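Take a look at the structure set out below.
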Amino acid sequence: MKFVVITKDPGVAEAAREGFHPSDECYVTNDWIEGLNISGDADLLFVDLLATLKEPHLIAGYEEFAMSKMSHSTTKDTPLVLIAPPDDYDLDFMAGWPDFILGHIRRPVDYKIFRRASTWV
């Protein structure tokens, strides 16, 4: 199986590298454009909402990511799992689209969460 994780958080990146089965492919990137471009044949795409923000606390960067994913030629149908910001992280608002997200992961994130999520496909 192939998993792609978009995050700028070293702890989340390490948890992803530890969480998937050794025979699985796990790609971790901090650039969501690169993440979209390598996710066309992925079984799951994980995106850390914080990694999509251009400006802290402003949801516009996540919206740009979402619109890009929905229109991406190879990644638009790749199931997406959102890694939420910390509970105390303020956002100006939250946008959502029907059937856009397969799953939602809350922090703190550890390897067990990725191991469990790998069974969703």
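The values are calculated or read from the model by the stated rules, or taken from the named source; none is laboratory data. What you see is a predicted model; the values in this text were computed from it and never measured. Here the Cβ positions follow ideal geometry from the backbone for every residue, glycine too, while neighbour counts run over all protein chains shown. Heads up: the accessible areas ignore ligands, DNA and RNA and are worked out on the full protein's heavy atoms, side chains in. Shrake-Rupley method; radii C 1.70, N 1.55, O 1.52, S 1.80 Å.
Quick notes on this one:
- Close pairs (7 angstrom Cβ cut-off, 6 or more residues apart or separate chains): under 17 Å from F46 (Cβ atoms) and part of a loop (DSSP other than H, G, I, E, B) in the range 85-105, open to solvent by less than 100 Å² (accessible area, probe 1.4 Å) and small (G, A, S) anywhere: F100/A66
- Of all residues assigned to the range 64-78, at least one qualifies as being in a loop (DSSP other than H, G, I, E, B), open to solvent by 40 Å² or more (accessible area, probe 1.4 Å), of a type in the set (D, E) and out of contact with any strand residue (DSSP E or B) (no Cβ under 6 Å at 6 or more places or on another chain).
- In the range 16-48, the residues that are assigned to a helix (DSSP H, G or I), aliphatic (A, V, I, L, M) and under 15 Å from M1 (Cβ atoms): A16
- Entry remark, the range 87-111: residues being closer than 17 Å to V4 by Cβ and aliphatic (A, V, I, L, M) number 4 in total.
- Yes/no for N30 being modelled with pLDDT of 95 or more and in contact with a helix residue (DSSP H, G or I) (Cβ under 8 Å, 6 or more places away or on another chain): yes
- Cross-chain or 6+ apart pairs with Cβ under 7 Å, the range 52-74 first and within 17 Å of P98 (Cα to Cα) and of a type in the set (D, E, K, R), then part of a loop (DSSP other than H, G, I, E, B) and open to solvent by 60 Å² or more (accessible area, probe 1.4 Å): K69/K76
- Between A13, A84, A51, the distinction of being closer than 20 Å to M1 by Cβ, modelled with pLDDT of 95 or more and either among the aromatic types (F, W, Y) or surrounded by 15 or more Cβ atoms within 10 Å (Cβ to Cβ) (or both) belongs to A13 only.
- Condition met for P108 (open to solvent by 90 Å² or more (accessible area, probe 1.4 Å), under 15 Å from the mean Cα position of the chain (by Cα) and not β-branched (V, I, T)): yes
- Condition check for F114: touching a residue at least 12 places away in the same chain (Cβ under 8 Å), more than 14 Å from K2 (Cβ to Cβ), part of a helix (DSSP H, G or I) and open to solvent by less than 70 Å² (accessible area, probe 1.4 Å): no
- In the condition set (1) surrounded by fewer than 19 Cβ atoms within 10 Å (Cβ to Cβ); (2) more than 13 Å from S118 (Cα to Cα), S23 is compliant with all but (2).
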